[in-house]
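A short worksheet on the structure shown next.
The values are calculated or read from the model by the stated rules, or taken from the named source; none is laboratory data. Predicted model only: the values in this text are computed from it and were never measured. Cβ: placed from backbone, ideal geometry, glycine included. Neighbour counts: every protein chain shown.
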């Protein structure tokens, strides 16, 4: 078959012409016109009729009494009495006349403009050539016919096939006068098989063992080992999870987190256990309807709970429930039937035998479930707490380290206590309180002055607010500003903020400007004073002091969970401020987080202290103790001294924050209960299903009952009109689609393109199969084997077709450019998750743990805040980066948030998982290059790989390069490659020799430890080499 | 160089290369990039076998879509209603609301006149409220669509509808269609860029995603903080020179691999990496506003380094100057239901103050630079607001609910007839009555301005030829220049 061209690209095509022309690249004249090719009804005419005529003259409407969806109807014509077609006489055909008339009232179609001359010419030629209109029932379409058991083709080259399936491929190649490619070398073959089955590269020792195995079954044994690997299920799950639109969040705007990972783990287990595909189907669609379903069978029904849930106020719950039901129908169509059922939501399918009524009959299967549309995670099933011991022990270890470091630091501080006391004593009084004036809240709050000089907010409690307040000072040389936030009984939970639930605030931006008071000085407009840095006595996770002065309104300072207490923030100025003759200072507090996260009571002061260490505030209590002679100090005094000294140390505060977060995380892990979304039937009165007129759920017409489309009723021996009946219909041996669609997807996974390229559409608008008999052969073999997935994959991997080398040759590019004939082995870019997994595996970072709650590997900070999720009470305002071993889990475990897909995955074509996706596009873009070069995870992997090379790679740089290439590509380097890489390495060693600072900066990336003994410059050079290896086309490609 | 490929294989290769090139590298890769890299024997033969043409001559080359997220009130900005003011406080007439769904308010709500003064401006006499004094000064450049209407009344579906022509996530955004249909004119920058400011409703990638089109066509958000494009900065300590060295060795090794395997995909990858390298310079360059003149900063109200709508307006000009096809600004915070959370007194004034000057400065700047004729400006939200008041707030905290049935968006430049007001709403500003323009009509018209017949720009997915305009859309001829 002819390779299908890419979708219409004519416009861009034209653009390139222009560009090439301006480049001076010689353009040849447009190709000589050959005689017009014969018109093909299915390819040329029918789509035109459907697109431009069928809305008014089709199954759903017949304006003027005319139908144009069968030859008989067109010959009969409409009310006018004249036939639309005069066979062989286009000029006399009413159809052509109405398309070309100059009378605007007569001209068809009335909407969307006239047909183009080319389109009209097509119709003319078709009519003149006899208006061939194959009167086939749509059920005669190849994919709707029963799966046949075709004869195994005869081939000339009988020594090539290793499996009967190869004969189908070879017969076609021979027909096209092509020959198969030679067998790939063994190392290549093992890498290909390992990546295809487990998604991970083979280790070099596995390759060596394989190369050394003289047994004729060595390759078969290797494939068997890979099929038995527990990583097989993880790899297989990826594609199925795209179909199942599995994600860890609800979707839509608010997109809260949900617990669905038990379903994901079920999928991995099912593949690992080689669950027969029919059972796999039944448990996911109807596990809850099986007799005495096990928990696993209930978890499997999460498949259809992967629909989105609305968390936004003001939504119509029924509307969102209906959307979920429709999504289930669409997913059923794509995942099992290879049909675009969603076309029939609004009107009968224009190509395939699915009427609008059929659609709502399928809809009825899913219309009586217990889930709702808004805020609804029910029904859910509690699952046992997952094994998080690895994470927990890492956290405990970290906590221990932090405690140890704290103890050490405290000893050190104790030794310096005297000095500190002296400094603190001098620092007392460094801060001069300001008398605050003219507080203005744009949101309408009022302020009351308190006896301590602070202002207390009263009255209106704005959701968002910007507050300005002024003060005058005679000081010059002001070096820093202190903002104290204070508790007050009138504030929610004692404050110091105004959020009702906790008394927190989020200060997004804090700024100060200065203008001279004396009239003589230049009246320059008040400019914001540049702030060098900010520190606070306490910072909430993700809400650091520096966030209040970073000019980014989406990040801010907060103090949870230490509510109801006084805190302070010190902003150090870039330049000393203050005018001679007095200065007016204007302060600005910006609060954008909403829900009244505004500061409730505050005081401001300034200092002229130049030494940053002497700026740490000394409060009255501490000042009293400091003034007291050491001999008179009580135990309480001493405790206050110690704790004040600790808090004044930035290092101690950093450790405290760490300790707090680790404890909180451990507590959360220990406490958290897990309940996953499952499917249940409603127990009360069943819902009535009606056809939605034009898909509008508010406009319902005829009542329908659950049932399968008429055209596929042959497989419907099941009496039950429920989801279980539906699932059993799908896997009935007489069902023409399920087995074909399933084997096609397995084929696609290995060869890059399915036998049917449009693996989501087997209907008449899909692309016909390249090897129809092979598809049927595989489908029938699949069913005969009891829907045995591993057995089929084993045959595919052991076939001669699969084992071919991927080298193209001029002959192959000429006749089989897209490799649809399989004249060579498959070769294509790895999926997003595989690129990550590969780098982790090669670098040695990979944590092979299987299953459990999703994890949060390193991601760019603040991405969630940027898209607008500003409210911490939603709990999803910042990507909570995982710790330790959880950073290095396989991609399949990465937390999948629909509105903000993990960026590097999205760049490499991973879908958002809003809807069912049968195949990912496979693009090749500059943004991918940037991600592969600079994603911090891949850079950390490059550093870890460099450390591994230096530790294990041998004694000389030449040996190490050999080692590195073998680990990364699964083959030794060629001489040319080796020379070029060694040259590059030497250049990098030279580069970094004189740039120790650059080297040190570069190797900082990531938290994987670096041995102290390693020279930073040497490591940096090798890290660059590792980064290059990770970016090679060959690395990124399976082939 | 001795040809190693036979002519038919060459054809296939050059076709594929061209196609891959167009398909994957359009976001920032022009053909020049590849031209310099591809084996000459391929390029020399890269003549087209046929030369399809654009549908017709385009009027516009670039578009800047100033999306005001949240739903600005047409009744307080562009569409004065004396009758509404006269009947202020009365219950909304039942016939207006009997057949519709409302987002939050009930059907007994009372009518709310606009507290703002309107005046006619320019030769066209367009009405503008006192909140947009700058816009009032350039109404003769602008075409107001006062009979505009949509269908969705919640933010998320309405925003996605305005951007993709469908209410559910998953269809390509308008900018993606442009990238797909027309490619980029700059080899170093993406064709479709998204810029965001303000606080309010979350904006999700569904509004600038490429849907079923290849991801290369998705909108690239340029971030105002951190890396403008993810990973465009090399890590600390790496350095440009060492990056160049690593790309050199990558190219050499990939080239050698190509010699062995003859897989054209390898050539595309080499081109993509070179393009990435150039983006590392071109993106920070375009983001750097510090070189703009003081006069420009004064006109826009910009200040380098700050995240602001004004900065994004200036950035938009810099992007279209460099050939970025589709620049979309989102400014959040136009959702004024009333109460302290967001109202027509404080918040609406604030939004106008944040945007009016810069929007107008952008149009003037484009005009002075001779770019307005080829740059289409589109200003609007996902819906307008109800003529009825929401709730019973204090007088200085009044607000209105979501309203898709009739509101105003406006356009300027890029082949649009300047200085006209097209269409109108009824006496309450409730339903679009005359000159009704639906979301799909707007899309069809915009595509037309770029030389594209909306019926013919299609993409085959799941057995259907999808269009931006779904199965609808009529060209709005009266507003074409």
For this session: Would you confirm whether any residue within region A:1006-1018 is under 31 Å from the mean Cα position of the chain (by Cα), surrounded by 17 or more Cβ atoms within 10 Å (Cβ to Cβ), assigned to a loop (DSSP other than H, G, I, E, B) and more than 8 Å from chain B (Cβ to nearest Cβ)?
Result: yes
For this session: Give region A:230-270 a look and list any residue that's under 14 Å from the mean Cα position of the chain (by Cα), more than 14 Å from chain B (Cβ to nearest Cβ) and within 19 Å of residue A:750 (Cα to Cα), or say none.
Result: A:238, A:239, A:241
For this session: Could you look through region B:170-181, keep only residues that are surrounded by 24 or more Cβ atoms within 10 Å (Cβ to Cβ) and over 13 Å from the mean Cα position of the chain (by Cα), and pick out the one that is farthest from the other protein chains (Cβ to nearest Cβ)?
Result: B:171
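Considering A:812, A:803, which residue is more than 14 Å from chain B (Cβ to nearest Cβ) and more than 28 Å from the chain's Cα centre (by Cα)? Even if it seems obvious, please write down each step before you answer.
Working: A:812 fails: more than 14 Å from chain B (Cβ to nearest Cβ).
That would be A:803, the only listed residue that is more than 14 Å from chain B (Cβ to nearest Cβ) and more than 28 Å from the chain's Cα centre (by Cα).
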For this session: May I ask you to list the residues in region A:914-936 that are buried (at least 22 other Cβ atoms within 10 Å of the Cβ) and touching a strand residue (DSSP E or B) at 6+ places or on another chain (Cβ under 9 Å)?
Result: A:923, A:924, A:927, A:928
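Looking at residue B:204, is it facing another protein chain (nearest Cβ under 7 Å), within 18 Å of the chain's Cα centre (by Cα) and surrounded by 22 or more Cβ atoms within 10 Å (Cβ to Cβ)?
yes
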Exercise. In the set A:237, A:286, which member is within 30 Å of residue A:186 (Cα to Cα) and buried (at least 23 other Cβ atoms within 10 Å of the Cβ)?
Worked result: A:237
Problem set entry | Boolean, residue B:341 is assigned to a loop (DSSP other than H, G, I, E, B), within 30 Å of residue B:389 (Cβ to Cβ) and at pLDDT 90 or above | no
For this session: Hey, could you check region B:191-201 for residues that are more than 8 Å from chain A (Cβ to nearest Cβ) and outside any strand (DSSP E or B) and say which is modelled with the highest pLDDT?
Result: B:191
Problem set entry | Residues of region A:102-155 satisfying the condition of being under 42 Å from the mean Cα position of the chain (by Cα), within 14 Å of chain B (Cβ to nearest Cβ) and in a loop (DSSP other than H, G, I, E, B) | A:111, A:112, A:113, A:115, A:116, A:141
For this session: Report yes if residue B:299 is under 25 Å from the mean Cα position of the chain (by Cα), touching a residue at least 24 places away in the same chain (Cβ under 8 Å) and not in a loop (DSSP other than H, G, I, E, B), otherwise no.
Result: yes
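Mind checking which residues of region A:913-940 are in a loop (DSSP other than H, G, I, E, B) and within 7 Å of chain B (Cβ to nearest Cβ)?
Residues of region A:913-940 that are in a loop (DSSP other than H, G, I, E, B), as a first pass: A:913-925, A:935.
Answer for region A:913-940, where residues must be in a loop (DSSP other than H, G, I, E, B) and within 7 Å of chain B (Cβ to nearest Cβ): A:914, A:915, A:921, A:923, A:924, A:925, A:935.
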Seminar exercise, completed: Within region B:439-467, of all residues that are part of a strand (DSSP E or B) and in contact with a strand residue (DSSP E or B) (Cβ under 6 Å, 6 or more places away or on another chain), the one nearest to residue B:183 (Cα to Cα) is B:459
Exercise. Just a yes or no: is a residue in region B:239-252 at the interface with chain A (Cβ under 7 Å from one of its Cβ atoms), in contact with a helix residue (DSSP H, G or I) (Cβ under 9 Å, 6 or more places away or on another chain), surrounded by fewer than 23 Cβ atoms within 10 Å (Cβ to Cβ) and outside any helix (DSSP H, G or I)?
Worked result: yes
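Restrict the check to region B:152-163 and report whether at least one residue is modelled with pLDDT of 90 or more, in contact with a helix residue (DSSP H, G or I) (Cβ under 7 Å, 6 or more places away or on another chain) and within 19 Å of residue A:696 (Cα to Cα). Steps first, answer last, please.
First, pick out the residues of region B:152-163 that are modelled with pLDDT of 90 or more: B:158-163.
Still in the list and also in contact with a helix residue (DSSP H, G or I) (Cβ under 7 Å, 6 or more places away or on another chain): B:159-163.
The next check asks that each one be within 19 Å of residue A:696 (Cα to Cα); those that pass are B:160-161.
Checked region B:152-163: at least one residue is modelled with pLDDT of 90 or more, in contact with a helix residue (DSSP H, G or I) (Cβ under 7 Å, 6 or more places away or on another chain) and within 19 Å of residue A:696 (Cα to Cα).
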Exercise. Which residues, taken from region A:977-1005, are in contact with a helix residue (DSSP H, G or I) (Cβ under 7 Å, 6 or more places away or on another chain) and surrounded by fewer than 16 Cβ atoms within 10 Å (Cβ to Cβ)?
Worked result: A:978, A:993, A:996
Exercise. What is the one condition in (1) within 12 Å of chain B (Cβ to nearest Cβ); (2) surrounded by 23 or more Cβ atoms within 10 Å (Cβ to Cβ); (3) not in a loop (DSSP other than H, G, I, E, B) that residue A:349 does not satisfy?
Worked result: (3)
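Would you mind listing the helices (runs of 4 or more DSSP H) fully within region A:779-875 where at least 3 residues are modelled with pLDDT of 95 or more? Don't jump to the end; show me each part of the working.
Numbers: elements: A:789-798, A:800-803, A:810-815, A:832-843, A:863-866.
Output list reads A:789-798, A:800-803, A:832-843.
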Problem set entry | Condition check for residue A:395: touching a residue at least 40 places away in the same chain (Cβ under 8 Å), buried (at least 18 other Cβ atoms within 10 Å of the Cβ) and in a helix (DSSP H, G or I) | yes
Exercise. Would you call residue B:223 part of a helix (DSSP H, G or I) and either at pLDDT below 95 or outside the structural domain of residue B:358 (by TED's automatic domain parsing) (or both)?
Worked result: no
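Quick one: which of A:402, A:432, A:383 is modelled with pLDDT of 90 or more and closer than 21 Å to residue A:627 by Cβ? I'd like the intermediate steps shown before the answer.
Details: A:402 fails: closer than 21 Å to residue A:627 by Cβ; A:383 fails: closer than 21 Å to residue A:627 by Cβ.
Checking each option against the conditions leaves just A:432.
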Seminar exercise, completed: Counted residues in region A:121-135 being surrounded by fewer than 18 Cβ atoms within 10 Å (Cβ to Cβ) and within 19 Å of residue A:50 (Cβ to Cβ) come to 5
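Within region A:231-302, considering only helices (runs of 4 or more DSSP H) that don't extend past its boundaries, which have at least 3 residues that are within 16 Å of residue A:382 (Cα to Cα)?
Counting at least 3 such residues, we get A:261-272, A:295-300.
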